[in-house]
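**Student:** Have a look at the structure that comes next, please.
The values are calculated or read from the model by the stated rules, or taken from the named source; none is laboratory data. For clarity, every value in this text was computed on a predicted model and none was experimentally measured. Here Cβ is always computed from backbone atoms with ideal geometry, including for glycine, and neighbour counts include all displayed protein chains. The protein model used for the area step is the full one, side chains on, heavy atoms only, and it has no ligands, DNA or RNA in it. Shrake-Rupley method; radii C 1.70, N 1.55, O 1.52, S 1.80 Å.
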Amino acid sequence: MRKADALLAALILPVSTLAAGAHAATADAAFVGHYYLSGVMETGSELLLRPDGTFAWYISYGAVDQSAEGTWLRDGDAVVLTASQPDRSAPLFALAGVDAWDADAESRLLGRQHDDAMAAWEERCGSAAEAVTAVVAPLVDDAPATAPVEASPPMADPTPAPTRLPGCAPSDAPAEPADATTLPPDRWQGGIAIAVFAEQNGERMGVSRVTATLTYADGAVAKVATRRGWAFLPRKAGSRAIRLDLSAEFAEGRAASLPLPPTEQGVIRIALDARQVIPPAFTTLRLRIDGKALLPEAFGRGRYTRPSE
């Protein structure tokens, strides 16, 4: 089992790990504060125990980030964290607003078009698009300085020149997109952009593989999927989008249908509640009290301490 998998498995503890006994379970003010994990290689983790009995926890190891929020209490010789489970009765998708088309949206559209054109060009041209003919000079033995030097006849290149399809020279690759910030707005392509994002650990992230279906006032329908959080549709002259339907394979049964203000052009921003699709890293986590430090029993090593201690 990989280290990251083993650590994650160790964090998932059943509720039965809560100690039973005569100890009173309360949020002990002596342990309120901001803790940092030490003693676990290549792992960063923080724990915030608040006076009101709630906590925020975060861990990062390798390319994996995990977080949890919930309530905490002291139970005898340990502090026990109980993570809140996501409320799946709330909508998964929510309309965060419809903004005017701007230079950022235009830049993202031009970049997407360039990426698509480059992918199509590379697929068509294959290795011929990157073929380079190298000319290697023949080796010449050193000769005495007094000996006459005769020119060697030219050597035929035994390697045939690669066959290149028309339009597959490196110079034929799609040109880099224009800088939208240098273009006047009347030269922007414009259209409708759908931006789906989620908040996690204080950061906003684009969400891919969300299928978005726009319905227009004239009954027309257009479907597109997000990549790196963005999807684009050209402006439909004379008709405005009035509804957006959203679905995702990673959230089966959680499709949403959102009415829109009539939109011919602009950026439709959608907030996805990441807590409903990214479960907390654990159900309960028990931290053994060692003086003023907290030792995560599930890790087998490491300790949480406050900077001043």
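**Student:** Counting only protein heavy atoms and using a 1.4 Å probe, what share of the accessible area of segment 161-300 belongs to carbon plus sulfur, as a whole percent?
**Tutor:** Working: 3770 of 7360 Å².
Within segment 161-300, the accessible surface is 51 percent carbon and sulfur.
**Student:** Restricting to segment 198-256, compute how many DSSP beta bridges are antiparallel as a %, nearest 5. Working shown, then result.
**Tutor:** Details: 17 of 17 bridges.
Roughly 100 percent of the DSSP beta bridges within segment 198-256 come out antiparallel.
**Student:** Calculate, for segment 231-299, the solvent-accessible area per residue in square angstrom, rolling a 1.4 angstrom probe over the heavy atoms of the protein chains. Could the numbers behind the result be given before it?
**Tutor:** Working: 3220 Å² over 69 residues.
Result: 47 Å² per residue.
**Student:** OK, next. Just flag the GluC sites (Glu not before Pro) in segment 175-275 sitting in loop per DSSP whose Cβ has no more than 10 other Cβ atoms within 10 Å.
**Tutor:** On the way: sites: E199, E203, E249, E252, E264; in loops: E252, E264.
The qualifying sites are E252.
**Student:** How are the C-alpha pair distances of segment 237-309 spread across 10 Å bins, as whole percents from the shortest bin up?
**Tutor:** All Cα pairs, binned at 10 Å, distribute as 13, 25, 18, 14, 15, 11, 3, 0 percent.
**Student:** Hey, another quick one. Once both labels are modelled 7 Å past Cα along the beta-carbon direction, what's the S38-W121 spacing in nm?
**Tutor:** 5.4
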